[in-house]
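A.B. asks: Sharing a structure, written as structure tokens. Questions coming.
The values are calculated or read from the model by the stated rules, or taken from the named source; none is laboratory data. Please read all numbers here as calculations on a predicted model, not as lab measurements. All accessible areas refer to the heavy atoms of the entire protein, side chains included, with ligands and DNA or RNA removed. Shrake-Rupley method; radii C 1.70, N 1.55, O 1.52, S 1.80 Å.
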Amino acid sequence: MRAFAELSTDRDLGMGVGPIPITSIREWAKDAGLDRPARRTFTSVICQLDRAYLESKADELAKERAR
């Protein structure tokens, strides 16, 4: 979760909340010293968390617009 929070600062915030760049995720994993299999798992988990986060944000925005 710490990694997710740190990586979230790399999001594009132009017209809304964007996804965490895959390059940032891979760089974080490499800097953390994860071996190749662990980097793949880490990348997969962070991407899944990110998709859930973005879906939650989209739902929040839709509810706000509906009001």
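A.B. asks: Summarise the accessible area of the chain (1.4 Å probe, protein heavy atoms) by the percent that is carbon and sulfur.
C.D. replies: Using a 1.4 Å probe with all protein chains present, the chain comes out at 54 percent carbon and sulfur.
A.B. asks: For the Cα atoms of the chain, what angle does the longest principal axis make with the long axis of helix 22-31, in degrees from 0 to 90, nearest 10?
C.D. replies: Between helix and principal axis, roughly 40 degrees.
A.B. asks: For the chain, what is the accessible area per residue in Å² when the probe is 1.4 Å?
C.D. replies: Using a 1.4 Å probe on heavy atoms only, each residue of the chain averages 76 Å².
A.B. asks: Using θ = phi - 60° and the Karplus curve 6.51 cos²θ - 1.76 cosθ + 1.60, what whole-Hz ³J(HN,Hα) does each residue of the range 42-48 get, with Gly and Pro shown as x?
C.D. replies: Listing the rounded values in order: 4, 4, 4, 5, 4, 5, 5 Hz.
A.B. asks: If you don't mind, there's one more thing I want to ask. Taking just the C-alpha trace of the chain, give me its Rg and Dmax in Å.
C.D. replies: 13.7, 48
A.B. asks: Could you work out which residue, out of Leu13, Leu49, Leu34, moves most in a Gaussian network model of the chain, that is, has the largest mean-square fluctuation with Cα springs under 10 Å?
C.D. replies: Looking only at Leu13, Leu49, Leu34, the largest GNM fluctuation is found for Leu13.
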